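Colleague: Below you'll find the structure I mean.
The values are calculated or read from the model by the stated rules, or taken from the named source; none is laboratory data. For clarity, every value in this text was computed on a predicted model and none was experimentally measured. Cβ placement follows ideal geometry from the backbone for every residue including glycine, while neighbour counts extend to all protein chains displayed. For accessibility, only protein heavy atoms count, side chains too; no ligands or nucleic acids. Shrake-Rupley method; radii C 1.70, N 1.55, O 1.52, S 1.80 Å.
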Amino acid sequence: MILKATDLSKSFPIENMEPQHVLKNIQLTINKGEFVSVMGASGSGKSTLLYTISGMMQPSAGTVEFAGEQLNTLTEEQLTSIRLSKMGFVFQQANLLKNFNLKDNIILSAYLGKKESQKEIDKRAVQLMKQTGVHQLALKDITQASGGQLQRVSICRALINKPEIIFGDEPTGALNSKSASEIMMLFNEINQNGTTILLVTHDAKVASKTERILFMADGEIVSEKYLGKMKDKSTLKEREEQVAEWLNGLDF
């Protein structure tokens, strides 16, 4: 087990109204090395769940345990240190810095972490860019790369500090179907190498490439589908059909 949420709730106050209860007594365990996706309609609480279990947002009630640490008992400084050193994040938009070239965007957080020498960090950045197929863009700026390439760079940035888990919030949402498929195969490769991944998605084809799917409705996890590891593309059509059948059977 790498992450566990117990009785996790999150509410937002609304002036002169009852609080909005976005998460309701969530029970969730993520095992080390898993590849998990979270689906649900807009407003179901899936992004709030991701932000809360990653320590980006404090829960209203309940606990979150990550790698032996109770996140809800830590200071913001301690949480920032954990997110920097043990977590990686990939969002729908790459969110890269305009005044940095692509390689510098990758290495910045590692320089801030100060765990390795600059030489070691630079070497690892080059290795990651080769692994993700964007090494030829290292000195380019963000205007000189496609959306899919920028997302590959953001994945390199998420991996630079050798995180124990990667959180993705709609990481393929802004991409065309070809780029989205390529990014998901890249995530699959990263997961096969041992990194735990938890991502939020609205796309059933994206979810079908993950090991386990959680479905949320009204702030609760209401159903779960286990697919197992995807070894290669040969089973993809069958997995997509399984997910489609499961989703069609849900009454939410």
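Colleague: Can you give me the Kirkwood hydrodynamic radius for segment 114-166, using every pair of distinct Cα atoms, in Å to one decimal?
Modeller: Computed over Cα pairs of segment 114-166, the Kirkwood hydrodynamic radius comes out at 11.6 Å.
Colleague: Taking H as built 1.01 Å from N, whose amide H comes closer than 5 Å to the amide H of residue 227, not counting residues under 5 places away?
Modeller: When sequence neighbours closer than 5 places are left aside, the close amide H contacts are 212, 213.
Colleague: So, one more: State in Å² the accessible area per residue of the chain; use a 1.4 Å probe, count heavy atoms of protein chains only, and round to the nearest integer.
Modeller: 49 Å²
Colleague: Taking θ = phi - 60°, what integer Hz values does the Karplus form 6.51 cos²θ - 1.76 cosθ + 1.60 yield along segment 170-181, in sequence order, with x for Gly and Pro?
Modeller: Coupling constants for segment 170-181: 6, x, 10, x, 9, 10, 6, 4, 5, 5, 4, 5 Hz.
Colleague: State the three equivalent ellipsoid semi-axes of segment 201-252, derived from the C-alpha gyration tensor as the square roots of 5 times its eigenvalues, in descending order and whole Å.
Modeller: They are 20, 11, 9 Å, listed from largest to smallest.
Colleague: Express in whole angstrom the spacing between the alpha-carbon centres of segment 27-95 and segment 175-252.
Modeller: Each part's Cα centre sits 19 Å from the other's.
Colleague: Let me see the pair-distance distribution of segment 46-162: every alpha carbon pair, 10 Å bin width, integer percents in order.
Modeller: 14, 40, 30, 15, 2
Colleague: Sorted by mean Cβ packing within 10 Å, highest first, what order do the peptides 92-103, 171-182 take? The partial results should precede the final answer.
Modeller: Values: 92-103: 16.2, 171-182: 17.7.
The densest-packed peptide leads the list: 171-182, 92-103.
Colleague: How big, on average over all directions, is the shadow cast by the Cα convex hull of the chain, in nm²?
Modeller: 14.4 nm²
Colleague: Right, another one. Would you mind checking the pairs 32/178; 4/233; 46/103; 178/237 and listing those with alpha carbons more than 20 angstrom apart?
Modeller: 32/178; 4/233; 46/103
Colleague: Determine how many Å³ per residue the convex hull of the Cα atoms of segment 173-230 encloses.
Modeller: Dividing the Cα hull volume of segment 173-230 by its residue count gives 87 Å³.
Colleague: Still on this model: Tell me the carbon and sulfur percent of the accessible area for segment 151-252, rounded to whole percent, probe radius 1.4 Å. Before the final figure, lay out the partial values.
Modeller: Numbers: 1960 of 4420 Å².
The nonpolar share, carbon plus sulfur, comes to 44 percent.
Colleague: Would you please put 68-77, 42-51, 150-159, 220-229 in order of how densely packed they are, using the mean number of other Cβ atoms within 10 angstrom per residue and starting with the highest?
Modeller: On the way: 68-77: 12.3, 42-51: 19.8, 150-159: 25.2, 220-229: 15.5.
Averaged packing, sorted descending, gives the order 150-159, 42-51, 220-229, 68-77.
Colleague: Right, another one. Could you please state how large a percent of the accessible area of segment 74-146 is carbon and sulfur, counting protein chains only and using a 1.4 Å probe?
Modeller: Roughly 52 percent, rounded to a whole number.
Colleague: Let me ask you something else. Give me the percent of DSSP beta bridges within the chain that run antiparallel, rounded to the nearest 5. Each step should come with its number before you reach the end.
Modeller: Values: 21 of 40 bridges.
So the antiparallel bridges in the chain amount to around 50 percent.
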